[in-house]
Each structure stands twice: as structure tokens, then as C-alpha cells.
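Every read-out reported here was derived from the displayed coordinates using simple, explicitly stated rules and does not represent laboratory data. Fair warning: this is a prediction, and the values are worked out from it, not measured in the lab. Methodologically, a virtual Cβ is constructed for each residue, glycine included, from the backbone with ideal geometry; neighbour enumeration extends over all protein chains shown.
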There are 2 protein chains.
Amino acid sequence: MIVTADLAISLDGYVAGPGVAPDNPGGDGAEPLFEWIHGLASWRERQGMTGGEENRDSELMREWFDATGAVVMGRTMYDLGEEFWGDNPPFRTPVLVLTHRPRPTLVKEGGTTFTFVTDGIHDALDRARDAAGTRNVDIAGGASTVRQYLREGLVDELQLHVVPALIGAGLRLFDDVGAGRRDLEPVRVVDTPLATHLKYRFTK
Amino acid sequence: MIVTADLAISLDGYVAGPGVAPDNPGGDGAEPLFEWIHGLASWRERQGMTGGEENRDSELMREWFDATGAVVMGRTMYDLGEEFWGDNPPFRTPVLVLTHRPRPTLVKEGGTTFTFVTDGIHDALDRARDAAGTRNVDIAGGASTVRQYLREGLVDELQLHVVPALIGAGLRLFDDVGAGRRDLEPVRVVDTPLATHLKYRFTK
């Protein structure tokens, strides 16, 4: 059981464009970050669709689905995704949502539950570990949530899907994440026409 | 003949740390950006030293040396490097230095000349093209100079040597470089324990 974070990122370091809102969840100009995902067979399968490409990128996404036993996300990400995910969200695992406002757990179809955690990032991670069993806990986002876990040294493996585009503005993943961290070790590089998938392990 | 830019960059996007000065040319905490280079046989050879590692990273650096027929750099980079480079600088090609203060051309040993250009980045690039012959022009740095050429769409190929470290502060390469650029195409990924070498082509 490890703690992972897995994000699409532009070559210039953005994980969302400016102007993120419920009707614009990726922010302005962020299409290159996410559109490559929409054609992948493994992603489509999780959304209840058929077809799509069975390529290396699709394998990596399936690998992530299979390895993940619980998910932690920030309240903003939840609010942005809630409607889109609908009654059968793609997680199919317990999801712990960081929030300041208590709310009853939501049980969705397909194995996804949303539990709202008001006691902070450590408590949410503890609960996610309990829920994940032998599988991994993934810190799904948004950027500020992943940054908090990175700052606290709570992420074991970071996978970045670097898309060949410059977004120019928006939310950077690495912003005040901590100077002088040399405890990163490259684990794997997978290079496809759609993205360069870089996986690092924190060795501390 | 193409225009290249070739930089070491931390995973969090920095090409120098904070506090860059003549006695601290990389800035604070920037050792991970550059120390992997110092052991490469091709780099040591260019500095007039023997030994070093003959590995894939060394081959990439030799490839860059061999392909480059002229170099453009900013005045700050020149000022920071002048003393370190000494009488036999590693470039061994014409170097065009962007500046506002005219100064006579300096002819060094080994084929390096420093010509000070006061008419802006386009003029410097034109002169570099003339000097490079069939070989490439490289925009060597610093960060603000490379950014200027990127903003103007004057760079054909960008190679980033991504080192597995977080610097946390300093000079970012991608800062106001332009939104919505989707004309990047991955050319090559070389993955070594020292760095992940990503090469992109601007296809416009």
C-alpha cells in the first residue's frame, strides 16, 4: 500500500487553466491536458462507454484504476465533478473528500462512496488507508490538495502525464511545494505520441 | 540549420535557484540542476579535463556540442560565466551576447568569440545564423533570454534535461511564455538515472 498522485500536466507545469468553474472544470485552454484521455478504451469503459484506443496510454490508466483502492480529493474537485460523475462515478472505490462542512456519506452505484472528512488531510489519509486494504491510496486533486500532501511528505509515488502543450496560465502543481527536495528517484518513463508519462518515487 | 534551446530544469520547472550572482551563478539550491553534468566525459573534455563517464548523458552533450555552430546568450549569463569560462571557453563557436552596452568583440582560444549585439534578439539571431553555417544556433540562456525567443516563436527545438529534484524557488523557464501553444511535438525521450531528456519540436 502506497500513496500516489497521478496528474496530467502541461510541459509548462499547469494542471488546470485559469477560470476553473463548475461549467469549466479544467479552466480555460486546458483541453490539451485532458482530451487525450477521452479516447482511451480504459477511460471510456469506466465512464460506461464502449470503444476507444487500446494503446499504452490506456494500459497505464487501467493500471491506475486497478492499483487504487481509495481516493482522497479536495472539496473543490468534488464540487466540480459531482454532476459530471453522475450516479455511477468512475472511481468504484471509497472517496474521501476534504471539507469544512460535514455532510452524510453518499453511496453511489458501482462501489463509489463519497465520505466527507472535516478533520484535515492526515485524518482523511488514515481513513483512506483503512479503506484501501492492500491497494493504493491516490490523492486525486485538485492541485492545492496534492500540493498539501506533497508538502507534508505524504506522497510515495508521483506520476505526471506531460502533454506536449503550453497552457501559459492557471494552476501550477509545483508552487511553494518545498525547496531542496532531492529524495526523488525516477521509476519509469513511458513515452507515447499523446504524453510522456513520468513516474517518480520519493525515497525519504 | 535550426534554432535550439537546451536547458537543465528541475521537475518543478526551475532553471536556476534564487540569488543568482557572479559567485553563485546557478542560484541557491541549484546544485541538482548542474552537478550531473560535471561528471560527463564530453563536458570534461570541453573544459580541458580528462576522465568522466562515457554514458548516454555524455553522448547527448557531445551531440549538442557537435550540432551547434553559434550560440546566443543574454548579458547576465555572459557576466556570470565570463570568469569561469576563462581564456578557452567551452563553446568553440561564435557567441552573440545580447546587451545594451556596445563593446568590442573578444576573440578567445579554441574558436570562441564573444560579439556584443545591441540591436535586439532578432538581429542577434540573424548574426548567429550567418555564423553557424549549416550547424544549429543555440539559445543558451539565461531563462529570460530563452523565454524571449520562445515568446517570439523563434525556437525550433527545445530540449529539457529534467533532473529528479524540486528546487522550490528561483527562475522558472516557463513564465508568461504564451498560452495555448499546441504546436509542440515530442521528438525524443532519453531516460537515464541522472535525468530525463525530453526533446520537443515546434511544428508551426
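Below, the figures for the structure above:
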quantity	calculated
Kirkwood Rh and Cα Rg combined as Rg over Rh, evaluated for the protein assembly as shown	1.02
Radius of gyration and maximum dimension Dmax of region B:76-144, Cα, Å	11.5, 30
Exam field: residue B:105 pseudo-label spacings to other copies (7 Å along Cα-Cβ), nanometres	7.7
Amide proton proximity set for residue A:28, modelled H, under 5 Å, gap of 5+	A:17, A:19, A:20
Nm distances between copies for residue B:86, ranked from closest, using label points 7 Å along Cα→Cβ	6.9
In region A:140-182, the trypsin sites (Lys or Arg not before Pro) that fall in loop regions by DSSP, at most 12 other Cβ within 10 Å	none
Number of partner chain Cβ atoms within 10 Å, mean per residue of B:155-166	3
Closest approach to the B/A rotation axis among chain B Cβ atoms, residue and whole-Å value	B:13, 2
Segment residue A:2-residue A:23, length gained on full extension (0.36 nm per residue, minus Cα span)	4.2 nm
Using a Förster distance of 30 Å, the FRET efficiency for residue A:34-residue B:56 (Cβ separation, nearest 0.05)	0.35
Within the protein assembly as shown, percent of DSSP bridges classed antiparallel, to nearest 5	45
Other-copy label distances relative to residue B:22, 7 angstrom Cα-Cβ extension, nm	6.0
Among beta bridges that DSSP assigns inside region B:1-145, antiparallel share in %, nearest 5	15
Shape category assigned to chain A from the gyration tensor of Cα positions, a/c cut at 1.5	rounded
Least to most buried among A:73, B:1 (fewest other Cβ within 10 Å first)	B:1, A:73
Only Lys, Arg (+1) and Asp, Glu (-1) charged, at Cβ; the protein assembly as shown dipole about Cα centre in debye	140
Convex hull (Cα only) mean projected area of region A:92-204, reported in nm² to one decimal	9.2
Shape of region B:1-94, Cα gyration tensor, a/c cut at 1.5	rounded
Chain A - percent relative contact order, Cα under 8 Å, separation 6 or more	29
